[in-house]
1. How fast does region 140-312 diffuse by Stokes-Einstein, in µm²/s, taking the Kirkwood radius from C-alpha pairs at 20 °C and 1.002 mPa s?
2. Between Ser73 and Trp40, what is the FRET efficiency for a Förster distance of 25 Å, r being their Cβ-Cβ separation, to the nearest 0.05?
3. Rounded to the nearest 0.05, what FRET efficiency do Lys231 and Thr267 give with R0 = 22 Å and r taken as the Cβ-Cβ distance? Could you check?
4. Could you give the length gained on full extension between Lys215 and Glu17, defined as 0.36 nm per residue of separation minus the Cα-Cα distance, in nm?
5. Is there a pair in Lys80/Lys186; Lys138/Lys266; Lys107/Lys186; Lys231/Lys271 whose C-alpha atoms are over 28 Å apart, and which pairs would that be?
6. How many angstrom separate the Cα center of region 282-310 from the Cα center of region 53-89?
7. Of Asn261, Tyr207, Gly243, whose Cα points farthest to the positive end of the dipole of region 169-262 (charges on the beta-carbon: +1 Lys, Arg; -1 Asp, Glu; origin at the Cα centre)?
8. Quick one: which residues, 5+ away or cross-chain, put their amide H under 5 Å from the amide H of Gln28? H built at 1.01 Å from N.
Amino acid sequence: MADSKHKITRDPITGAETTGHVWDDTLQEFNNPLPRWWLWAFYGTIIFSIVYWILYPAFPLGFTKRGFTEGISTVTFKNKAGEEVTSKWNTRALLAHEMQNDPNELKRQEMVKSVAATPLADVTKDPDKSAFVLAYGKGIFGDYCAACHQSGGQGVIGNYPNLVDDAWLWGGDAADIETTIRKGRKGNMPAHKGTLNEEQITEAANYVLSLSGEKVDSALAEKGKEIFNTKGCSGCHTPAATGMKALGSANLTDHIWTQANVPGAKTVEDKVKAVKAVISGGIQREMPAWESRLSNDEIKVLVAYLKLLSSSAQ
């Protein structure tokens, strides 16, 4: 039971002041108040919180228009139409304001416009512009392209083309690449499992492999050549099998494989099997259009980046 007298004393061992509360004759309660600096810091955090709640979005409130308190702080920036807009403070508005006023950001935007206005051939000859393209373009590529084409642009055989081998299905000059990025592409090759039997598919696969100098059964390849020229293959890939830019059909003679993983196959049988899978199942893939997500200048910088990336890989 606590001592009802509450006599303030000092502990004989430590010398610390007590509150006078004693339990079981010997158990005492020391009077150790919090340090004054700690108390002031604590009070300061309370004042800071109140000021923050007034200035910025803070509390969720279901009955308000936005579902939370908006605060009284505002941010002024220019919208896409160039009109000055003032809105309640939020990170999106703050980013817009900083991008329109930060000196470093303004320099970056100026450099983007300069690169976009410079012919690609001149960009590659200018060390400063080339360095900027490789640095800034890498960021754009990482945000929008790397998820499919990988961070280094090597692509994934069977799904996404390699962008550093300079073998572009829809054309590899700057204008073609820009159109590809702006409008997107749809790749389609019909499945031949319904029009060719297993033997014919095997023969066609041997012929396709022979076009790139792979070792195959020459007799099967010769029969495959006839199938290639009479069953619709040459209509898209051309009789010379060099592909057609307008259709995005692959050049089958350049040793570059975008669909069949021939480089990863260890035996002739595995290579034939990989090509047969493509002939049998066909190809259906799509690249989205980016003109609604990227500005005209950003697209031009990205084109320059891809060309520099492919040239450095040669």
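1. Answer, rounded: 126 µm²/s.
2. After rounding, the FRET efficiency stands at 0.45.
3. E(calc), rounded to 0.05, equals 0.25.
4. The span from Lys215 to Glu17 would gain 61.7 nm if fully extended.
5. Among Lys80/Lys186; Lys138/Lys266; Lys107/Lys186; Lys231/Lys271, the Cα-Cα distance tops 28 Å for Lys80/Lys186; Lys138/Lys266; Lys107/Lys186.
6. Taking the Cα centre of region 53-89 as reference, the centre of region 282-310 is 34 Å away.
7. The listed residue farthest towards the positive side: Gly243.
8. Result for Gln28 returns Trp23.
Taken together, the values in this text are just the output of simple stated rules run on the coordinates, not laboratory data. Predicted model only: the values in this text are computed from it and were never measured. Neighbour counts are summed over all protein chains in view; Cβ atoms, including those assigned to glycine, are modelled from backbone coordinates with ideal geometry.
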